[in-house]
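Have a look at the structure below, then the notes.
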Amino acid sequence: MAETLYTLHFNYSYIPILLIPLIVSIGFFTFNRWYTRQNSGVNEPRNKLHKKYIANNILTKAVGLITFILFIYTSAGYLIDYFDLKEKYETDNYKTISGYVERFHALKKEGHDSEHFYIDDIYFEYSNREMMSGYNIPLYKNGAIKINGQYLIIKYVTYENGENVIIEIKEDKIKEMKNE
């Protein structure tokens, strides 16, 4: 009997990261309005601070708009990726492989590397440093993939760039013991 170690889910821990550009954007727009109210009359051409006001107005609006676009881009990308994987998972539109973990390389806590392994010459790679849908929990954070010889049943989706994204992991301890 196989034990489920991971199933695709929405990672709520990414929400604060996704909200940073939105908060920065709101901050710039708020500062722009506050500055105008605090310095009444600067928007009149005769005022000697008018040129500074125009530059400040353009700069704060531009940075606010750019960070808002960044918020939309990152949030939409993550949500589209998640819902695409979820739809594939729910409609059984994925590949399944089972076998023993081979050539397992654990991600080091302090490194800028990735964790990766093979099962029957199918390569899987992930890192918790990327904001992505699918499995990406390294061993040092109590990840499901632990050692070579671990018998896993993995459901995954292959992206157009060849990357295999894990959407479910099950472990069969009985087959693992038979391999020892």
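Observations on the structure shown:
A quick yes/no check of all residues on (1) of a type in the set (S, T, N, Q); (2) assigned by TED's automatic domain parsing to the domain that holds Y159:
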| position | (1), (2) |
| --- | --- |
| F28 | no, no |
| Y35 | no, no |
| N39 | yes, no |
| A62 | no, no |
| Y82 | no, no |
| K109 | no, yes |
| Y118 | no, yes |
| D121 | no, yes |
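- Pair list, Cβ under 8 Å, 6 or more apart: the range 120-146 residue farther than 19 Å from T74 by Cα, other residue of a type in the set (K, R) and modelled with pLDDT of 90 or more: L139/K146
- A count restricted to the range 69-90 and to residues that are in contact with a Leu (Cβ under 7 Å, 6 or more places away or on another chain) and without any contact (Cβ under 8 Å) to a residue 60 or more places away in the chain stands at 3.
- Condition check for I23: closer than 30 Å to L79 by Cα and in a helix (DSSP H, G or I): yes
- Annotation note: Cβ proximity below 8 Å between a residue of the range 50-61 that is part of a helix (DSSP H, G or I) and a residue that is of a type in the set (D, E, K, R) (sequence gap 6+ or interchain) occurs for H50/E44.
The values are calculated or read from the model by the stated rules, or taken from the named source; none is laboratory data. Values in this document were obtained by computation on a predicted structure and should not be read as measured data. Cβ sites come from the backbone with ideal geometry, for glycine too, and all protein chains shown count toward neighbours.
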